[in-house]
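K.L.:
Input: one structure, supplied below.
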């Protein structure tokens, strides 16, 4: 794995690293500098099997293969070396939220986390999943028990099976998945966040909001951000009024909701924007 190209945002706080695999594919890694931490957004696969309709890779690329443990570690070490983070005074968050579904490459992902965790750095870890295999969560607590700081992020985006399949084409039982995640949370005592992206006329009605409350229950943490531009996009983001009404409703019903701005959007390095290409 070697860095082939570097793309910087105007403020140079977000930097996209286009890295080349041994077999000639390009994957992307995003570095973000925050006041309190460094973030390295790691890709876990060459391409992705899921094919989400809000994702650049899902709409415009195919799945090729998993990245192995050595490649995953090298992907992060390349950024650490390039940015001179070997002696960082701030923690480094390794966020496996780039290209790919980490659960479908879980052994390699966890092994790479454990390797990085042993370095002489203050490390934190997270990964985002569509929840493709709900049974995985029942064993996840044991797999990540050696990591002091780990956060699980679930890309939900729909509160019923029918609505969610318009965004994430997976035939899974959401209620079963949520139950498994909550059991994992009780076992691991680790933080869990549910990501919900509001899409115009798809998942943004007050009925959708009520279904979300019913599915997750009071006290669950929702993170919301804007729909990012991608090639050949088929959806539009919700308008401000709809968003305000949706957020107000779920907060009133007891969900914790955080709205935030994403980094790296201008360099196509943010959520849903990364893509695998053949060199």
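Each reported figure results from applying straightforward, stated rules to the coordinates on display, with no laboratory input. This structure is a prediction, so every number in the text was calculated from the model and none was measured. Note: ideal-geometry Cβ built from the backbone for every residue, glycine included; neighbour counts use all protein chains shown.
K.L.:
Roughly what % of DSSP beta bridges within the stretch 121-279 run antiparallel, to the nearest 5? Can you show the working numbers first?
P.N.:
On the way: 1 of 17 bridges.
Roughly 5 percent of the DSSP beta bridges within the stretch 121-279 come out antiparallel.
K.L.:
For the residues 4, 171, what sequence is obtained by ranking on other C-beta atoms within 10 Å, fewest first? Each step should come with its number before you reach the end.
P.N.:
Values: 4 12, 171 7.
So the ranking, lowest neighbour count to highest, is 171, 4.
K.L.:
Which label marks the calculated value of Rg/Rh (Cα atoms, Kirkwood Rh), given the options (1) 0.99; (2) 0.94; (3) 0.96?
P.N.:
(2)
K.L.:
What is the distance in Å between the Cα centroid of the stretch 200-223 and that of the stretch 77-91?
P.N.:
Distance between centres, Cα-based: 38 Å.
K.L.:
Answer rounded, prolate or oblate for the stretch 133-279, using the Cα gyration tensor with square roots of eigenvalues a ≥ b ≥ c: rounded when a/c is under 1.5, else prolate when a/b is larger than b/c, else oblate. Mind showing how you got there, number by number?
P.N.:
Numbers: a/c = 1.60, a/b = 1.16, b/c = 1.38.
It is oblate, given that a/c is not under 1.5 and a/b is not larger than b/c.
K.L.:
Working out 0.36 nm times the residue gap between residue 22 and residue 146, then minus their Cα-Cα distance, what length gain in nm do you get to one decimal?
P.N.:
41.6 nm
K.L.:
Sticking with this structure for a sec: How high is the FRET efficiency from residue 162 to residue 107, r the C-beta distance, R0 25 Å, rounded to 0.05? If you can, show how the numbers build up before the last one.
P.N.:
Details: r = 33 Å, r/R0 = 1.31.
Efficiency at R0 = 25 Å is approximately 0.15.
K.L.:
Please list, in order, the residues from the stretch 207-231 whose amide nitrogen is less than 19 Å from a point placed 7 Å along the Cα→Cβ vector of residue 186.
P.N.:
The answer is 214-221.
K.L.:
Then there's this: Just grab the label-to-label distance for residue 210 and residue 251, each label 7 Å out from Cα along the Cβ direction, in nm (one decimal).
P.N.:
Output for this residue pair reads 2.2 nm.
K.L.:
Separate question: Take the chain, connect every pair of alpha-carbon atoms lying under 10 Å apart with a spring to form a Gaussian network, then pick out the residue of 45, 187, 261 with the largest mean-square fluctuation.
P.N.:
The residue with the greatest mean-square fluctuation here is 261.
K.L.:
State the antiparallel share, in %, of DSSP beta bridges confined to the chain, rounding to the nearest 5. Numbers along the way, then the final one.
P.N.:
Details: 22 of 47 bridges.
Taking every DSSP beta bridge with both residues in the chain, the antiparallel ones total about 45 percent.
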